[in-house]
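Input: a single structure, listed below in structure tokens.
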Amino acid sequence: MNGLWSAPLAWVGRSALELSAGFGRFGRFTASAVRALSDTGTWGRQLIEQMARLGVESIPIAVFIAAFTGIVLALQASYTFTGAVPLYFVGALVAKTMILELGPVLTGLALAGRVGANIASEIGTMRVTEQIDALETLAYDPVAYLVVPRVLAGVVMFPIVVAFADAVGIAAGWITSINLLDLSTPEFVRGVRLFFDTFDVRYSLVKATSFGLVVTLVGCFSGFGAAGGAAAVGRATTQAVVLSSMLILVLDAFWAAVLL
Amino acid sequence: MSIRIWEVRKSFGARVVLDGVTLDVDAGETVAIIGFSGSGKSVLLKTIVGLLKPDSGAVFVDGQDVGALRREELYALRRQVGYVFQFAALFDSMTVEENVAMGLRRVPGMTEAQIRERVEESLRLVELEGYGARLPGQLSGGQRKRVGLARAIATRPRYVLYDEPTTGLDPVTTAVIDRLILKLDRELGVTSLVVTHNMESALRIADRIAFLHDGRVRFTGTPDEVRSSEDPIVRAFIEGRPELAQEVV
């Protein structure tokens, strides 16, 4: 009996130890990033470039996703409401859903793929090709040089990208409503205004900021942990995307429970 | 101005890589560290600049215990040490010029004009004038190593550490790199530590050669002393004949 249970118990024990060690490493990594914030001379030069790379260059994909989400929302709302709810509620549903949920979450998940994978593979490659060691020997703190500007860029730019996504999603819903549904612009706007609260926008942007933080921080952490060769970079990239996607969903539930 | 490595031990898991290495490098001297692959040569070099911490023992550079330095003190020390990586470790998103300028941007008080001038001068020293605008991906293996060399010496360090500077290069390019190391030693008056398993290179450039084996320094001596050594392990290495030493096979 003992023999039967010893292997799975050992596996559970090992997994728990690995998980707690992983939390410990992530905690130390985050602490080193916070400490490196004071090294403005090192990360200051990188910040604008990272804001452009991680934020501005992400706008097209975010806009693409938001536009089609807005179209589908309008069509599905109309399909659901027909005969039961006044059609101008389409505006309310499109705006509320885009701002509260789909704008930030879909954009966050898309950027977990685009930005998180990009960061993890870039830093992972630098790790396995000794470029991070080279930074150290040239008297640079690699955390200040690589991590801080990326995380700050994520925190600043994700809300901007999400704001674009929210706006484009609603605009796509409006264009769909006036062209494909039997709805006028004043009716759509009436629906949007019906349940609109400026708090919704703040809620959307707070979520986006937290998504920006986890996607960039997890991407950097995964890249820094890469050890070995190309396979290690691949593993780091996968880890970054999977972990940050999961954290986005966890944070989404967390903010809903705390703020709504 | 010297490097003193004292009883350094370093393990990775159960594998003991360095098992009490002691070695002194005097000012202005060029010491080659030779040894079989996996003998811990690169690990030893990394402990000197604090990239790896010894499990026990200590490394002193200019009398400072590297392991005991605070972060800022360590960075100040690293500005005095140039490090040439085995595969150059160039920043592949930057041009050659930007790579060479990286260390200079950490030197307090250097203006952009001075940085540009020093970059050109460093590229001239490694005979790569006119390559500044290229990306590392556009360079040959030998050229990449030379850019790595230019980057390491751009700040005019007092020490240069070379990790396998000629690995993977053809004999002619190897001779070119060796000549450059000698030229830099002569013109810049640096103290050098060269990790290599290329015996010809070691004999050509070193004032003294240390042979690392089984985690310890097994032998130190001048190139002539190495040539005439009767230690079977050393002979096996320099002659490339494993049958000379049973324990090597």
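The values are calculated or read from the model by the stated rules, or taken from the named source; none is laboratory data. Everything numeric here is computed off the predicted structure, so don't read it as measured data. Neighbour counts run over all protein chains shown; Cβ positions are idealised from the backbone, glycine included. We work out accessible area using only protein heavy atoms, side chains counted, and drop any ligands, DNA or RNA first. Shrake-Rupley method; radii C 1.70, N 1.55, O 1.52, S 1.80 Å.
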Under the Kirkwood approximation applied to all pairs of distinct alpha-carbon atoms, what is the hydrodynamic radius of the stretch B:1-111 in Å? 15.6 Å
Measure of exposure for A:Trp5: accessible area at 1.4 Å probe, Å² rounded to 10, is 130 Å²
So how long is each side of the stretch A:29-69 along the principal axes, counting just the alpha-carbon atoms, biggest first, in Å? 42, 21, 10
Mind pulling up the Rg/Rh value for the stretch B:1-46? Radius of gyration and Kirkwood radius, both on Cα. 1.00
Taking springs between alpha-carbon atoms closer than 10 angstrom, which of B:Val172, B:Val25, B:Val43 fluctuates most in the Gaussian network model of chain B? B:Val172
Total accessible area buried between chains B and A, 1.4 Å probe, in Å² to the nearest 100? 1800 Å²
Share of antiparallel DSSP beta bridges in the protein assembly as shown, in percent to the nearest 5? 55 percent
Cα gyration tensor of the protein assembly as shown - equivalent ellipsoid semi-axes, whole Å, descending: 57, 27, 19
How large is the Rg to Rh ratio of the stretch A:87-196 when both quantities use alpha carbon positions and Rh follows Kirkwood? 1.26
Please give every one of the lysines within straight-line cross-link reach of B:Lys46, meaning a C-alpha to C-alpha distance under 21 Å, and leave out same-chain neighbours fewer than 8 residues apart. B:Lys10, B:Lys145
What does the convex hull of the alpha-carbon atoms of the stretch A:119-172 project to on average, in nm²? 4.4 nm²
Going by amide H atoms built from the backbone, whose H comes under 5 Å of the H on B:Arg218, apart from near neighbours? B:Phe211, B:Leu212, B:His213
Going 7 Å from the Cα of A:Phe64 in the Cα-to-Cβ direction, what parts of the stretch A:81-98 have a backbone nitrogen less than 19 Å from that spot? none
Per residue, in Å², the accessible surface of the stretch A:49-259 once ligands and nucleic acids are set aside, probe 1.4 Å: 40 Å²
In the stretch A:134-155, which residues give up 10 Å² or more of accessible area once the other protein chains are added, compared with their chain alone (1.4 Å probe)? A:Ala134, A:Leu135, A:Glu136, A:Thr137, A:Leu138, A:Ala139, A:Tyr140, A:Asp141, A:Tyr145
For chain B, what D do you get in µm² per second when you plug the Kirkwood radius from alpha-carbon pairs into Stokes-Einstein at 20 °C and 1.002 mPa s? 115 µm²/s
Residues with beta-carbon under 14 Å from that of A:Lys207, excluding A:Lys207: net charge, scoring Lys, Arg +1 and Asp, Glu -1? -3
Given 5 Å bins starting at zero, what is the percent of C-alpha pairs of the stretch A:1-68 in each, up to the one with the largest pair distance? 3, 13, 9, 10, 10, 10, 12, 11, 8, 6, 4, 3, 0
What residues qualify as long-range amide H neighbours of B:Lys10, i.e. H under 5 Å apart, gap of 5 or more or another chain, H built at 1.01 Å from N? B:Val17, B:Leu18, B:Asp19, B:Gly20, B:Asp55
With the alpha-carbon atoms as the only input, what is the per residue convex hull volume for the stretch B:110-207 in Å³? 97 Å³
Cα→Cβ-extended label distance, 7 Å offset, between A:Ala230 and A:Val72, nm: 3.5 nm
To one decimal place, what orientation-averaged projected area in nm² is obtained for the convex hull of the Cα set of the stretch A:9-131? 13.2 nm²
What order do A:Val242, A:Val192 take when sorted by accessible area (1.4 Å probe), most exposed first? A:Val242, A:Val192
Taking a crude spin-label model, label points 7 Å out from Cα along the C-beta direction, the B:Arg235 to B:Thr220 distance in nm is 2.5 nm
Quick one: Karplus J couplings for the stretch B:204-220, per residue in order, coefficients 6.51, -1.76, 1.60, θ = phi - 60°, nearest Hz, x for Gly and Pro? 6, 9, 8, 7, 9, 10, 10, 9, 9, 8, 6, x, 9, 7, 8, 7, 9
Candidate span helices, chain A: DSSP H, at least 27 Å along axis from Cα coords, Kyte-Doolittle average at least -1.0, result A:2-36, A:59-81, A:148-180, A:198-224, A:230-259
Distance in Å, no decimals, from the C-alpha centre of the stretch A:2-62 to the one of the stretch B:1-50 is 32 Å
For the stretch B:1-121, with every protein chain kept in place, what is the accessible area per residue (1.4 Å probe, Å²)? 44 Å²
Surrounding charge for B:Ser11, neighbours by C-beta under 10 angstrom, Lys/Arg +1, Asp/Glu -1, total +1
Kindly provide log₁₀ I(q)/I(0) values, in the same order as q = 0.20, 0.26 Å⁻¹, from the Debye equation applied to equal alpha-carbon scatterers of the stretch B:53-138. -1.01, -1.31
Computing the accessible area with a 1.4 Å probe over protein heavy atoms, can you report the carbon and sulfur percentage for the protein assembly as shown? 61 percent
Just add up the charged neighbours of A:Leu102: K/R +1, D/E -1, any other residue whose Cβ is under 13 Å from the Cβ of A:Leu102. -2
Ignoring ligands and nucleic acids, A:Ile175 exposes an accessible area, probe 1.4 Å, in Å² to the nearest 10, of 80 Å²
Overall Cα dimensions of chain A - principal axes, largest extent first, Å: 65, 62, 32
Cα centroid of the stretch B:120-155 to Cα centroid of the stretch B:192-249, whole Å: 30 Å
